[in-house]
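Here's the structure, in structure tokens; my notes come after.
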Amino acid sequence: MQKRGIGMMVVLFLFTFGIYPIIWMYKFQNEIKATTGEGFSGIIHVVLSFVTFGIYPIYWFCVTGKRLAKAGAEDKNTLYVILTLLMFIAIPTVAVVPFMMQDQANKLAA
């Protein structure tokens, strides 16, 4: 998996007004699919995100967390689920999950 700087991700998340998270999801899914051999291509996940009006990424975070753990990263899937569910009570924690997932991928790439 490709190593990405978390600081640069934060900057891109802020200054692209929501476009970079879509690009990140596409690239990250393709990388995790290449590593584990599981799942669809990134474009399918992006399309499903739009078709379900943003609900599909909640499922994707959970499944991808399991795939990261299967690839050898620390299993933080429960934390991903909790942070994603907190979004429903108006706490914007779901924005933290991609950074945590990328950090796990960076540790695998090192």
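Here's a check for you: in segment 26-49, which residue that is aliphatic (A, V, I, L, M) and open to solvent by 30 Å² or more (accessible area, probe 1.4 Å) is modelled with the lowest pLDDT? Checked segment 26-49; the qualifying residue modelled with the lowest pLDDT is A34.
Condition check ((1) of a type in the set (D, E, K, R); (2) touching a Lys or Arg at 6+ places or on another chain (Cβ under 8 Å)) across all residues:
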{"position": "G18", "(1), (2)": "no, no"}
{"position": "F28", "(1), (2)": "no, no"}
{"position": "E38", "(1), (2)": "yes, yes"}
{"position": "V47", "(1), (2)": "no, no"}
{"position": "P57", "(1), (2)": "no, no"}
{"position": "R67", "(1), (2)": "yes, no"}
{"position": "K70", "(1), (2)": "yes, no"}
{"position": "A95", "(1), (2)": "no, no"}
{"position": "A109", "(1), (2)": "no, yes"}
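Contact annotation: residue pairs with Cβ atoms under 9 Å, 6 or more positions apart or on different chains, pairing a residue in segment 86-110 that is closer than 16 Å to Y20 by Cα and modelled with pLDDT of 80 or more with a partner that is outside any helix (DSSP H, G or I) and among the hydrophobic types (A, V, I, L, M, F, W, C), are M101/A73. Whenever a residue of segment 19-45 is farther than 15 Å from G65 by Cβ, its partners that are among the β-branched types (V, I, T) and surrounded by 17 or more Cβ atoms within 10 Å (Cβ to Cβ), lying with C-beta atoms within less than 8 angstrom and at least six residues away or across chains, give the pairs I22/V46; Y26/V46. Kindly indicate whether any position in segment 50-71 is out of contact with any strand residue (DSSP E or B) (no Cβ under 9 Å at 6 or more places or on another chain), of a type in the set (K, R), open to solvent by less than 60 Å² (accessible area, probe 1.4 Å) and in a helix (DSSP H, G or I). Yes, because at least one residue in segment 50-71 is out of contact with any strand residue (DSSP E or B) (no Cβ under 9 Å at 6 or more places or on another chain), of a type in the set (K, R), open to solvent by less than 60 Å² (accessible area, probe 1.4 Å) and in a helix (DSSP H, G or I). Which count do you get for residues in segment 17-50 that are in contact with a His (Cβ under 9 Å, 6 or more places away or on another chain), hydrophobic (A, V, I, L, M, F, W, C) and at positive phi? Count: 0.
The values are calculated or read from the model by the stated rules, or taken from the named source; none is laboratory data. These numbers were taken from a predicted model, which means no experiment stands behind them. Positions of Cβ are backbone-derived with ideal geometry, glycine not excepted, and every protein chain shown enters the neighbour counts. For accessibility, only protein heavy atoms count, side chains too; no ligands or nucleic acids. Shrake-Rupley method; radii C 1.70, N 1.55, O 1.52, S 1.80 Å.
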